[in-house]
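All remarks here apply to the structure that follows.
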Amino acid sequence: MNKKILAIIAAIVIIALLIFGYTTYNNLEKTKFASSSVTVPNGYKVANTTDNSIILKNNKTKIVIEETKDSANGLTEKYKAQHENQTVEIKDIKINNTPVKAVYLKNSENKTVKKICYYTNKDKTYIIQFNNYDRPAIYTILRTLG
């Protein structure tokens with residue numbers, strides 16, 4: 001009798017977790033821009049779209065995603081040339097096991113004033129700029145961008 005009750009309780013808990021997971025991820029809105037699409041992270045709204053970009057915003061963070069056919073290395077060199085009088089730090093990093101090229105623009109006090117990630121998916125490179133690093137939002141974007 002006790003094993004039956006435990007099995008029923010376990011089944012109810014599993015069903016509740018599945019429902020929670022489904023409603024959490026089902027509420028995410030997929031939106032298109034350029035020739036790509038991305039899932040809008042929880043708490044964000046589409047602020048603007050153009051022919052090749054989308055701006056996502058919440059009350060703290062603004063994320064700009066731009067689609068380009070240029071390579072990440074080419075974009076990095078171009079950015080360094082545009083900011084030749086400032087410190088530009090470049091790192092190959094992984095965000096949630098996704099390889100990106102991170103570019104940090106530093107001011108005269110060596111503080112990061114701009115963060116950009118270049119993410120390549122198949123034949124497209126995405127320029128992702130953000131003013132605050134919102135880990136769940138960036139994870140959602142990188143997982144669904146394409």
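The values are calculated or read from the model by the stated rules, or taken from the named source; none is laboratory data. Remember, it's a predicted structure, so these values are computed and weren't measured experimentally. No Cβ is skipped: glycine too gets one built from the backbone with ideal geometry, and neighbour counts run over all protein chains shown.
Every residue in the range 51-100 that is part of a loop (DSSP other than H, G, I, E, B), of a type outside the set (Lys, Arg) and at pLDDT below 90, please.
As a first pass, look at the range 51-100 and keep what is part of a loop (DSSP other than H, G, I, E, B): 51-52, 58-61, 69-71, 83-86, 96-97.
Going one step further and asking which of them are of a type outside the set (Lys, Arg), we end up with 51-52, 58-59, 61, 70-71, 83-86, 96-97.
Passing the criteria: Asp51, Asp70, Ser71, His83, Glu84, Asn85, Gln86, Asn96, Asn97.
Can we say Tyr104 is in contact with an Asp or Glu (Cβ under 6 Å, 6 or more places away or on another chain) and over 17 Å from Lys30 (Cβ atoms)?
Details: in contact with an Asp or Glu (Cβ under 6 Å, 6 or more places away or on another chain): yes; over 17 Å from Lys30 (Cβ atoms): yes.
In short, yes.
Here are some conditions: (1) under 19 Å from Ile116 (Cα atoms); (2) in contact (Cβ under 8 Å) with a residue 60 or more places away in the chain. Ser35 meets all but one. Which one does it not meet?
That leaves (1) as the condition not met.
May I ask you to list the residues in the range 119-131 that are under 13 Å from Ile63 (Cα atoms) and either out of contact with any strand residue (DSSP E or B) (no Cβ under 8 Å at 6 or more places or on another chain) or assigned to a strand (DSSP E or B) (or both)?
Listed by number, the residues that qualify are Tyr126, Ile127, Ile128, Gln129, Phe130.
Just the residues that are among the charged types (D, E, K, R) and under 18 Å from Cys117 (Cα atoms), please, taken from the range 38-64.
Matches in the range 38-64: Lys57, Lys62.
Could you list, ordered by first residue, the pairs with Cβ atoms under 8 Å in which the first is in the range 67-84 and among the charged types (D, E, K, R) and the second is assigned to a helix (DSSP H, G or I) and surrounded by fewer than 13 Cβ atoms within 10 Å (Cβ to Cβ), at least 6 apart or interchain?
Once the first residue is among the charged types (D, E, K, R) and sits in the range 67-84, its partners that are assigned to a helix (DSSP H, G or I) and surrounded by fewer than 13 Cβ atoms within 10 Å (Cβ to Cβ) give Asp70/Lys78.
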